[in-house]
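Comments concern the structure below.
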Amino acid sequence: MLNRRDFVRRGAQAALVSLAAPSVARAFPAPLAAPWGAPDRMAWWREARFGMFVHFGLYSVLAGEWNGRTDYGEWIRNNARIALEQYNTMLSRFNPTAFDADRMAALAAAAGMKYLVITTKHHDGFALWPSKQGDFNVARTPYRRDLMRLVADACRRHGVVPCWYHSIMDWHHPDYLPRRDWEKGARTADGASFDRYVQFLHAQVEELLTWYGDIGVMWFDGEWEGETWTYARGEALAAHVQRLSPRTLINSRVVGQEANGLEAKLSRPKLGDFGTPEQKVPDRGLPGVDWESCITMNNNWGYNRADDHWKSVPALVGLLTETASKGGNLLLNVGPQGDGAIPEASVERLHGLARWMKSHGDAIHGTEASPFDGLPFRVTRTARRINCFLPEWPTSRELLLPGLRTAPQRARMLGEVTRESLPTRSVDQGMVITLPDRASDAVCSVLALEFRQPPVITGA
Ligand code: GLC
């Protein structure tokens, strides 16, 4: 089975080769029999449980501000109705000299994020790599450097799997249809050919999947303009990715949510490897479906200078334990400033996550959903371990795990240095563990029960 380390290493080898010959940079074995959804392709991603999302582009330079309004984000060109010619002048202002891919990857790695998904092109159509398709890209800015190269290489140096976000919707390309409602008068659609746009899209995706070594995920977005982005076109794009890079995972936004929405997915043929609930964690997870909640640290994906609605470190740890306990991944967003630097508030939160993950990451990575129903606290499990997350220290020292019939070999608080087991006793309703007097962590204490055999749990 291919694990995350293989991904990171193979990519690194490919990157070396690519110095000499960019077009033969990849060294994939023959395509896997099952194109997507095969469990072995998903293994590293399921184990990871936690990744970093990065929204960065031309819009970052505007920091959310236009004509006195300060509540814009990466949608600024559309929402502030900025004419294309005017937005194009932003190229000369893009010079993110403080962009430090190594620091970004190191922050992610330290926080226990095993993969990093960065915008290669958002809806505004600006490509962060020197694409040979069209000229709306980083090569036409004062910065000129290939941000995808910097990120892919830095990720591999830090043991993080590089992944690409890519927008299907494109507000810049002349052949993309439909036009925005508000610009129909100013930007004619005469002569536009969506089929030609699809060729461009496929060609850009090919660059992204063949220039930079193995890529963990193609994370598509902007798929909802269904008059043009049909299910068949989504299918063709997924097949294109699969052909170029059989092991690369594809999110379900490759086709419109209506055709392939999370709900619809249960009854329709599956397309894409995982669902992407946005800014929320589904109440009961999504049983039977792989999923990843993508969530912002404040209220915006792209950098917004005025947005100080930052979630606290305990709240972020809470989101992580919630997604893991429901069997999903968390993709937590960072929106670098126009100069490329990661906002200090985000750095502080990543440090906070790193501190907690250092002693509790084992209760997140490689775990599965809670086997218990309706507990007042969150739980993850592996074959021989149960982890209980206790952000508030219970008023009673006696913690009941209902239906647990196997006595643990050892019960301990993670991060505590003691060889002794906490006392446990079997009762009619299950297993009672006697907790220590005090919480073991100020953010979220974790009780780990270790078993010799996979434990028996009844009534779960
Ligand atoms: C949305 C938005 C977008 C953001 C994304 C993240 O679909 O259009 O701006 O990139 O979700 O999930």
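Check the chain and count each lysine pair with an alpha-carbon distance under 26 angstrom, considering only pairs eight or more places apart or from different chains.
19
Given the rule -39500 (n - 2.57) for each run of at least 4 DSSP H residues, summed and divided by the residues of the chain, what is its mean residue ellipticity at 222 nm, to the nearest 500 deg cm²/dmol?
It lands at -8500 deg cm²/dmol.
Between the DSSP loop rule and a limit of at most 15 other Cβ atoms within 10 Å, which trypsin sites (Lys or Arg not before Pro) in region 337-405 are left?
Details: sites: Arg349, Arg355, Lys358, Arg378, Arg381, Arg384, Arg385, Arg397, Arg405; in loops: Arg384, Arg397, Arg405.
Hits after loop and neighbour filter: Arg384, Arg397, Arg405.
Please give, to one decimal in nm, the separation of the simple spin-label points placed at Ser92 and Thr70, each 7 Å out from Cα toward the Cβ.
2.8 nm
Once both labels are modelled 7 Å past Cα along the beta-carbon direction, what's the Glu47-Thr188 spacing in nm?
Result for the modelled spin labels: 5.7 nm.
Relative contact order for the chain using alpha-carbon pairs under 8 Å, separation at least 6, rounded to a whole percent?
17 percent
At most 11 other Cβ atoms within 10 Å and a DSSP loop assignment: could you name the GluC sites (Glu not before Pro) in region 136-238 that fit?
Glu227
What does a probe at Arg144 reach in region 78-114, counting residues whose amide N is under 18 Å from the point 7 Å along Cα→Cβ?
91-99
Once phi is turned into θ = phi - 60°, what whole-Hz ³J(HN,Hα) does the Karplus curve with 6.51, -1.76 and 1.60 give for every residue of region 99-108, x standing for Gly and Pro?
So the J values, rounded to whole Hz, are 5, 10, 4, 5, 5, 4, 5, 5, 4, 4.
Hey, rough spin-label estimate for Asn79 and Arg305, points 7 angstrom out along Cα→Cβ, what's it come to in nanometres?
The two pseudo-label positions are separated by 1.7 nm.
Apply the a/c threshold of 1.5 to the C-alpha gyration tensor of the chain and tell me whether it is rounded, prolate or oblate.
It is prolate, given that a/c is not under 1.5 and a/b is the larger ratio.
Tell me the angle of helix 147-157 to the major Cα principal axis of the chain, expressed in degrees between 0 and 90 and rounded to the nearest ten.
30 degrees
Please list, in order along region 307-322, the HN-Hα scalar couplings obtained from phi with the Karplus expression 6.51 cos²θ - 1.76 cosθ + 1.60 (θ = phi - 60°), rounded to whole Hz, x for Gly and Pro.
My calculation for region 307-322 gives 7, 10, 7, 6, 6, 6, 4, x, 5, 5, 4, x, 5, 5, 5, 5 Hz in order.
Rounded, prolate or oblate for region 346-399? Axes are the square roots of the Cα gyration tensor eigenvalues, ordered a ≥ b ≥ c, and the cut-off for rounded is a/c under 1.5. Mind showing how you got there, number by number?
Working: a/c = 2.34, a/b = 1.37, b/c = 1.71.
The shape class here is oblate.
Compute the Cα gyration tensor for region 361-460, then decide on rounded, prolate or oblate, letting a ≥ b ≥ c be the square roots of its eigenvalues: rounded whenever a/c is under 1.5, prolate when a/b is larger than b/c in the other cases, and oblate in all that remain.
rounded
Relative to the longest principal Cα axis of the chain, at what angle does helix 194-210 sit, 0 to 90 degrees, rounded to 10?
The angle comes out near 50 degrees.
Based on DSSP, what percent of beta bridges with both residues in region 4-363 are antiparallel, to the nearest 5?
Working: 2 of 32 bridges.
Percent antiparallel among DSSP bridges in region 4-363 is about 5.
Helix 4-20: angle to the longest alpha-carbon principal axis of the chain, degrees 0 to 90, nearest 10?
30 degrees
Read-outs: derived from the displayed coordinates by stated rules, not from any lab. Quick caveat: nothing in here was measured; it's all calculated off a predicted structure. Note that each Cβ is placed from the backbone with ideal geometry, even for glycine, and that neighbours are counted across all protein chains shown.
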